[in-house]
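Here is the structure we will look at, set down as C-alpha cells.
The values are calculated or read from the model by the stated rules, or taken from the named source; none is laboratory data. Remember, it's a predicted structure, so these values are computed and weren't measured experimentally. Neighbour counts are summed over all protein chains in view; Cβ atoms, including those assigned to glycine, are modelled from backbone coordinates with ideal geometry. The protein model used for the area step is the full one, side chains on, heavy atoms only, and it has no ligands, DNA or RNA in it. Shrake-Rupley method; radii C 1.70, N 1.55, O 1.52, S 1.80 Å.
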Amino acid sequence: MPKLSRYFGNKAFYRSVLVLLVPIVIQQFVSNFVSLLDNIMVGALGTESISAASISNTILMIFNLAIFGGLGGIGIFGAQFFGKGDMDGMRHTLRFKLWFSLITTIIAIVIYACFGEAFISAFLQGEADGGDPALALREGTAYLNIMLFGLLPFAVVQAYSSSLREAGETVAPMIASVIAILTNLFGNWVLIFGNLGAPALGVSGAAIATVVSRYVEMFIVVLHAHRHTDRFACIRHLYSRLSVPRELMARISRTAFPLLLNEILWSLGMTVINQQYSSRGLNAVAALNITSTAWNLFCVIMFAMGTAVSIMVGQRLGAGKLEEARDVDRKLIVLTEVIHIVIGGAMVIAAPYVPLMYNVPDEVRELTRQMLIVAGLSLPLHSFAHVTYFTIRSGGRTMITFLFDAVYTWVVTVLLAFLLCTYTSLSIIQIYFCVQFIDIIKLVLGLIMLKSDFWARNVVR
C-alpha cells in the first residue's frame, strides 16, 4: 500500500500552494461573481437579451481562448526561464506575447466585423419558444460590435499578467482585475438601466461597461509592471527592441502552435456544441447561459489549480528538478480532486436556488436547475481533465495536449452532441447529461498518460 505522503503534502507544501492560489482564486471568484450579477442585470431585460449576450460571448470565447492558448504556449518557456533565472529569456517571451496578442486581435476584429451577424444568426435557427429571435439577433449584433473595442486591452492584460504570474507575482493582477470588475459592475448599473441620469442602453450598455473596465485593467497592470522593474527584471528595457531572437522564436513557435491550435479548435468545438443545443429553442439557450455563468463561479478553484500546476511544476522542470516536479504535480492533482468532490456537491445543493435570481420564465428556471445538478455531478471528472491538461502542457508536450483536448473534443464530444441533437428526440437535459459525462473516457486517458511520466521534461536547456 503506497504511503499517504506520496499523495498528500506537508504544511509547507500547502502553504506554498495557498500563497500562489489565493490571489488567483480571489480574482477569478470576484470576476465570476460579478459576471453572475451582470447576467442577472441583463436577464432582467428578458429572455431575448440574455440569449443575445450569451450567444455573443460564446462567439467571443473563440478569441479569448486563442489568446489564452497562444500565451499559454509561450508561457511554458516563461515559467521555465524564471525557474532557471534567465531574465533575458523571460523578456523575449513577453515581447513574443505582445506581438502575438496584437496580430491575433487584428485578425479577430476583421473576422467578427465581417461575419459577426451571420455567426449569431446560426444560433437562432431552432425552435422559436420563449422569445423573439429577430430581437435577439439585433441585440446580439449590437453587443458584439461594441465588444470589439475591448479585444486589444484584454489581450495586452493577459500578456502582462501571465508574465507577472510566471515570475511569482499574483497579487497585482488580482487587484487590477478586482478594480476592473467593480468598474464593470458600476457601469452596468448605470448604463443598462439608465441610472444617474444616463440613458438606458440595455444590452449595449453592458458591452460599453465591459470595454471601459478592460481599459482600466490594462492601465493598472501595465503601470504596475513598469513601475516595479526592480522586482520584475524582465520588464526592464522591454521596448528597447521589438525583435525576438529567431532561434528562440522558432523553438517557442514549435511548442506554442499546437497549443494555440488546440484552444481555437476546442473553443470552436464548444461553440458548435452550444449551437447544437440551441436547436432546442431560446429557453435552452437562456438556461445554458445561466448554467455556464454559475459553472464558472463554482470552478474558480479548478481554473486556479491549472495555473498552479503550470507555475509550480513548470518552474521545477526549468530548474531540472524532474522528480520533484512529478511529486508536486501528483499532490496538486489529488488536492484538486478532493476539493471538487466537495464543490460538486455544493453545486447540486445550490441548483434549485440559482435560477430564482433571474427574471426568466418557469420553464427556463426548471431547465437551469436540472442542468446545474448534472454539472455538479460531473465536476470531478472535468477538474481531473483540467489539471491533467496543464500537467502535460507544463513540460511542453503541446502536441499531446492537442490530441487530448481539441481532437478529443471534436471526435468524441462534438460528434456526440451533433448526433443526439440531430437524430434523436432527446430533451436538452438528456443530451446535456450525455455530453457532460462522456469525459469519463478522458479521465481514463489522463490516468494512463500521468502514470507514464513522459510529460516531465526541461524545454529551456
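Within segment 305-328, is even one residue over 21 Å from residue 454 (Cβ atoms), modelled with pLDDT of 90 or more, open to solvent by 10 Å² or more (accessible area, probe 1.4 Å) and not hydrophobic (A, V, I, L, M, F, W, C)?
No.
Restricting to helices (runs of 4 or more DSSP H) lying wholly in segment 349-423: which have 2 or more residues that are open to solvent by less than 10 Å² (accessible area, probe 1.4 Å) and farther than 19 Å from residue 273 by Cα?
Once the helices (runs of 4 or more DSSP H) in segment 349-423 are filtered for at least 2 residues that are open to solvent by less than 10 Å² (accessible area, probe 1.4 Å) and farther than 19 Å from residue 273 by Cα, what remains is 362-394, 398-402.
Looking at segment 98-122, which of its residues are farther than 24 Å from residue 271 by Cα and either small (Gly, Ala, Ser) or open to solvent by less than 60 Å² (accessible area, probe 1.4 Å) (or both)?
98
Taking residue 41, is it out of contact with any Leu (no Cβ under 8 Å at 6 or more places or on another chain), modelled with pLDDT of 80 or more and under 25 Å from residue 132 (Cβ atoms)?
Spelling it out, it is not the case that residue 41 is out of contact with any Leu (no Cβ under 8 Å at 6 or more places or on another chain), modelled with pLDDT of 80 or more and under 25 Å from residue 132 (Cβ atoms).
Go through the residues of segment 182-199 one by one and say whether even a single one is of a type in the set (A, V, I, L, M, F, W, C), farther than 17 Å from residue 53 by Cα and touching a residue at least 40 places away in the same chain (Cβ under 8 Å).
yes
Checking the conditions here, which among 219, 232 is within 19 Å of residue 162 (Cβ to Cβ) and at pLDDT below 85?
On inspection, the qualifying residue turns out to be 232.
Residue under question is residue 338, and the condition is that it be in contact (Cβ under 8 Å) with a residue 12 or more places away in the chain and in a helix (DSSP H, G or I); does it hold?
Against the criterion (in contact (Cβ under 8 Å) with a residue 12 or more places away in the chain and in a helix (DSSP H, G or I)), residue 338 does not qualify.
Give all pairs with beta carbons closer than 7 Å in which a residue from segment 367-381 that is over 17 Å from residue 281 (Cβ atoms) meets a residue that is aromatic (Phe, Trp, Tyr) and open to solvent by less than 30 Å² (accessible area, probe 1.4 Å); count only pairs at least 6 apart in sequence or on separate chains.
374/432
Would you check which residues across segment 424-454 are closer than 15 Å to residue 409 by Cα and part of a loop (DSSP other than H, G, I, E, B) and list them?
438, 439
If residue 182 meets every condition in (1) surrounded by 19 or more Cβ atoms within 10 Å (Cβ to Cβ); (2) under 20 Å from the mean Cα position of the chain (by Cα) apart from one, which number is that one?
For residue 182, the exception is condition (1).
For residue 59, work out the one condition from (1) modelled with pLDDT of 80 or more; (2) out of contact with any Ser or Thr (no Cβ under 9 Å at 6 or more places or on another chain); (3) among the β-branched types (Val, Ile, Thr) it doesn't fulfil.
(2)
Consider only pairs whose beta carbons are under 7 Å apart and that are at least six residues apart or on different chains; among these, list those whose first residue lies in segment 413-437 and is modelled with pLDDT under 95 and whose second residue is open to solvent by 20 Å² or more (accessible area, probe 1.4 Å) and charged (D, E, K, R).
From segment 413-437, the pairs are 428/280.
Could you pull out the residue among 144, 164 that is within 30 Å of residue 315 (Cα to Cα) and within 20 Å of the chain's Cα centre (by Cα)?
Being within 30 Å of residue 315 (Cα to Cα) and within 20 Å of the chain's Cα centre (by Cα) holds for just one of 144, 164, which is 164.
Got a number for residues in segment 231-260 being open to solvent by 60 Å² or more (accessible area, probe 1.4 Å) and assigned to a helix (DSSP H, G or I)?
5
Kindly evaluate residue 295 against the criterion of being open to solvent by 50 Å² or more (accessible area, probe 1.4 Å), out of contact with any Cys (no Cβ under 6 Å at 6 or more places or on another chain), modelled with pLDDT of 80 or more and of a type outside the set (Asp, Glu).
No; evaluated as a whole, the condition is false for this residue.
Considering only residues that are farther than 26 Å from residue 166 by Cβ and outside any helix (DSSP H, G or I), look in segment 1-38 and name the one that is modelled with the lowest pLDDT.
1
Take residue 119 and decide whether it is in a helix (DSSP H, G or I), at pLDDT 90 or above, in contact with a helix residue (DSSP H, G or I) (Cβ under 7 Å, 6 or more places away or on another chain) and not polar (S, T, N, Q).
The answer is no for residue 119.
Yes or no, residue by residue, for (1) surrounded by fewer than 21 Cβ atoms within 10 Å (Cβ to Cβ); (2) in a helix (DSSP H, G or I); (3) at negative phi:
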residue	(1), (2), (3)
45	yes, no, yes
51	no, yes, yes
55	no, yes, yes
63	no, yes, yes
76	no, yes, yes
88	yes, yes, yes
93	no, yes, yes
96	no, yes, yes
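Can you confirm whether residue 136 is over 21 Å from the mean Cα position of the chain (by Cα), surrounded by fewer than 16 Cβ atoms within 10 Å (Cβ to Cβ) and within 30 Å of residue 428 (Cβ to Cβ)?
When the stated conditions are applied, residue 136 does not pass them.
Of everything in segment 147-165 that's aliphatic (A, V, I, L, M) and open to solvent by 10 Å² or more (accessible area, probe 1.4 Å), which residue is farthest from residue 215 (Cα to Cα)?
The residue in question is 148.
Quick check on segment 210-230: of everything there that is of a type in the set (Val, Ile, Thr) and touching a residue at least 60 places away in the same chain (Cβ under 8 Å), which residue is most open to solvent (accessible area, probe 1.4 Å)?
222
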